[in-house]
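Here is the structure we will look at, set down as structure tokens.
The values are calculated or read from the model by the stated rules, or taken from the named source; none is laboratory data. In this text, all values refer to a predicted model and were calculated from it rather than measured experimentally. FYI the Cβ positions are ideal-geometry reconstructions off the backbone, even for glycines, and counts take in every protein chain you see. For accessibility, only protein heavy atoms count, side chains too; no ligands or nucleic acids. Shrake-Rupley method; radii C 1.70, N 1.55, O 1.52, S 1.80 Å.
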Amino acid sequence: MIFFKMPKLTIGNRNASLPIVQGGMGVGISLAKLASSVAAQGGIGVIAANGVGMIEPDYYEDGRAANIKALRSEIRKARKKTSGLIGVNIMVAANDFQQLLDVAIEEKVDALFMGAGLPIRNIPVAKIRAANVLVIPIVSSGRAAELIFKYWEKNYGDVPDAVVVEGPLAGGHLGFKADQLENPEQALEILVPQVVAAINGFQESFHKKIPVIAAGGIFSGEDILRFLQLGAQGVQMATRFVATDECDADPRFKEAYLACRPQDIVIIKSPVGLPGRAIRNHFLDNAAAGVRNVNRCAWRCLDQCDIKHADYCISAALDNARQGLLDQGFAFCGANAHRVDKIVSVAELLESLKYEYEAAFIQNLVTLKDEYLKSIEKKFAGLRQDYLQARQRWINLSHEAGKAWEVRRDSLREDYDRAHRLANMLKHEYETALEKINVLMEHFPEKKGELQTLAQRFQADLAMNPVG
Ligand SMILES: Cc1cc2nc3c(=O)[nH]c(=O)nc-3n(C[C@H](O)[C@H](O)[C@H](O)COP(=O)(O)O)c2cc1C
């Protein structure tokens, strides 16, 4: 039944048949192969622009030019493989942010995901709109979303088309201070409704739907359902896509995910000044112990990078890891990477997520129904007690009335009438409840036995001593 299936995700004039965005993974982890496979299966595939030129042999001669060339080539490769939706993820903090943005716009990708900084100043909105490209900022709070939307409204007379809200369980660089990561108030479950509320007014004033996409630690189909129920229209997942055949990283990078245990997943302070989540290894232990591992800096690729004082070049470390050289670098990962236990195809992964989603949906309905029935039974039981008590009181009063009529006639008469009215009112409610039980029996045939017993008790009560 279509009702139980994952809903599609509509952003502006684009429709993804699945509400799943594959998160951009920089320095060559999500390139054309992964992105096109996800897009071909109905999700949104994302090529990460950050450090993409490191896959080119001449990166160390001209890093900027290599990034531009590689990004263009990866977008074109992905487009050749599928007509599905392809996005590009660009770090606002990248020194060549504007050039990468230009390439993505020229190549008319479906969506631009912009994170690691607020995409506010110098955004070529007119050019983006003319190329029919969607803009999707990545934020870590409702406040950041509001700031972006207010700035855009004031300066561009426009607003972004969707927002990704990335919580503290995500992989890669994180938009939180290290000491905020464990704060329950920063949980994605809290952030999603905050971001939904922050952009609500803009949906009204710009007369458009602005979906919120939840990211960070989303692992199963059940998780997807949970975040959609919290008000998100889609989810962004990265860690699960690393463990796929189509992920662009070396198999050794993927195997590091399979091998890692919860205690191996650590928070590092990246040379960019942001915390990041990664799999602990010798390289990171050495860096933590102050061993400097900087060979050369191709060009200052990230704005905030302080290579003079850094223990290593983050781009080179990530590039080495991408190539499987994990002793000369490290793998970024999400908090749930330790739960990954096999490498599957993108199609298999999406199938299992769909299956889990549907199973969770049905389980939710069953639980809901049980709770509903329980609450109804409780209400009926309470009503039954009230009715029986009222009727008893009325009977008692009628006996007393006979005995002591002369003495306390007036007050007894009043009590008697009141009890009589109450009993009559309850009788009416009781009869309505009986009808309701009969309707419930039709809707919940598997509960018929219990409901029938309840109905028989009600009928017997009513027949035993009808209230006149
Ligand atoms: C290996 C790796 C590299 C990542 N690189 C980037 C990146 O370059 N830019 C970015 O915005 N997010 C990056 N992320 C974050 C993901 O896009 C995504 O939002 C996040 O990891 C989702 O959480 P999950 O991994 O638990 O599914 C990266 C994540 C991983 C695991």
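A few points about this structure:
- Near LEU302, the amide H atoms lying under 5 Å from its own belong to ASN95; only residues 5 or more places off or on other chains count, and H is placed 1.01 Å from N.
- 24 Å Cα-Cα threshold exceeded, pairs from LYS5/LYS209; LYS403/LYS427; LYS8/LYS342; LYS77/LYS108: LYS403/LYS427; LYS8/LYS342
- Distance in nm between pseudo-label sites at ASP158 and PHE444 (7 Å out along the Cβ direction from Cα): 5.2 nm
- Residues ARG418 and ILE190, FRET efficiency given R0 of 60 Å [Cβ-Cβ distance, rounded to 0.05]: 0.75
- Solvent-accessible area per residue for the chain (1.4 angstrom probe, square angstrom): 48 Å²
- This model, with +1 at the C-beta of Lys and Arg and -1 at the C-beta of Asp and Glu, gives region 253-330 a dipole about its Cα centre of some 80 debye.
- Considering only PHE97, LEU112, ALA256, and ranking their Cα positions along the charge dipole of the chain that arises from unit charges at the beta-carbon of Lys, Arg, Asp and Glu, the one farthest toward the positive end is LEU112.
- Spread of Cα-to-Cα distances over 10 Å intervals beginning at zero, given as percent, for region 2-250: 8, 34, 39, 18, 2, 0
- The Cβ shell under 15 Å around ILE148 holds other residues with a net charge of -1, Lys and Arg each +1, Asp and Glu each -1.
- The charge dipole of the chain, taken about the Cα centre with unit charges on the Cβ atoms of Lys, Arg (+1) and Asp, Glu (-1), comes to about 540 debye, rounded to the nearest 20.
- Sorting 175-188, 329-342 by average packing, meaning the other beta carbons within 10 Å per residue, from highest down gives 329-342, 175-188.
- For region 284-338, the alpha-carbon coordinates run over 34, 24, 20 Å along the three principal axes, in decreasing order.
- Calculated [222 nm] ellipticity per residue, helices only, for the chain: -16500 deg cm²/dmol; basis is -39500 (n - 2.57) per DSSP H run with n ≥ 4, divided by all residues, nearest 500.
- Options ILE29, LEU188, GLY12, ranked by Cα towards positive dipole end of region 2-250, top entry (Cβ charges): GLY12
- The label-point distance for LEU325 and ALA359, in a model that sets each label 7 Å from Cα toward Cβ, rounds to 4.2 nm.
- Counting only DSSP beta bridges whose two residues both lie in the chain, roughly 30 percent are antiparallel.
- For the pair ARG121 and LYS436, label points projected 7 Å from Cα toward Cβ lie 6.2 nm apart.
- Set LYS127/LYS208; LYS127/LYS150; LYS354/LYS448 screened for pairs whose C-alpha atoms are more than 27 Å apart: LYS354/LYS448
- Using θ = phi - 60° in the Karplus curve 6.51 cos²θ - 1.76 cosθ + 1.60, the 3J(HN,Hα) couplings for region 429-440 round to 4, 4, 5, 5, 4, 4, 4, 5, 4, 5, 5, 4 Hz; x is entered for Gly and Pro.
- Environment charge of LEU100, counting only residues whose C-beta is closer than 12 Å and scoring Lys/Arg +1, Asp/Glu -1: -2
- Reachable aspartates and glutamates from LYS436, criterion Cα separation under 20 angstrom, eight or more residues apart if same chain: ASP370, GLU371, GLU377, ASP386, GLU446, GLU450, ASP461
- For the chain, the Kirkwood hydrodynamic radius comes to 25.6 Å, computed from all pairs of different C-alpha atoms.
- To put it simply, the accessible area of the chain at a 1.4 Å probe is 51 percent carbon and sulfur.
- Against the criterion of solvent-accessible heavy-atom surface with a 1.4 angstrom probe, THR432, THR239 sort, most first, into THR432, THR239.
- Volume of the convex hull of region 61-205 (Cα atoms only), normalised per residue: 131 Å³.
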